[in-house]
């Protein structure tokens, strides 16, 4: 006679325990290589957008002095800098929007660096078989090697750039708020101008491969689009490098030169801490 196996009530304790341990979706996604690539792509886009708009804004150096509505004369790039500090005033206090944008950039930079370091560790653990030939090894690793070193160069340059033209620690002739004067004082030093040129070339290499890779990370990897991707990456990198490198060259060539007697008012007395 067959025996009937009795089964008690099913408990939901195990299910509840598993559910309690489950991470939020975004954190769970970020723990994967795919998630980290998404983060690198998105933060890379934020970085490209900032570098591009920053370069375009600095092109105002070439506009020189303009006459304001009140009849006073000032350097156009200095007026542009004041405009950025006044964004959303009086709806928000002065510099709040500017600092909000800076915090977004800082957060994007931290996430970009963490995702890059985490992906490197994951790739090393997953790579149990070495490349079969030195040629294959060079082709497969040239981009990642260049990205690592150009990334380090760009990061070091960013620290110098802030100390030179934002905080003024590395610029003995720095005056807060006087962007045109500060740029002229900085780039008039040949070693500093050379540093900016080399660093921006490294930035261009980083941007070229980064722009190419982010499309792949976001799923736009198709032979029909690869030629377009390469053209877009080359165009973005070339535009940014050409614009940024032109500034120290223009100062050394005398195209850009500060003249305190040519303006009728100055922004040298900007509030501290901006």
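Any read-out appearing in this document is the output of simple, stated calculations on the displayed coordinates, not a laboratory observation. What you see is a predicted model; the values in this text were computed from it and never measured. Heads up, the Cβs are rebuilt from the backbone with ideal geometry, glycines too, and the neighbour counts pull from every protein chain shown.
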The stretch 45-115 shape via C-alpha gyration tensor axes, a/c threshold 1.5: oblate
Order by protection proxy (mean Cβ within 10 Å, highest first), peptides 38-44, 211-217, 58-64: 38-44, 211-217, 58-64
The stretch 83-112 and the stretch 226-244: distance between their alpha carbon centers, rounded to Å: 27 Å
Net lengthening on full extension, residue 123/residue 146 (0.36 nm per residue, minus Cα-Cα): 6.7 nm
Residue 257-residue 103 FRET efficiency (beta carbon distance; Förster radius 30 Å; 0.05 resolution): 0.30
Extension reserve of the residue 113-residue 239 stretch, reckoned as 0.36 nm per residue once the Cα distance is removed: 42.9 nm
Protection-proxy order for peptides 83-89, 148-154, each taking the mean of Cβ atoms within 10 Å per residue, highest first: 148-154, 83-89
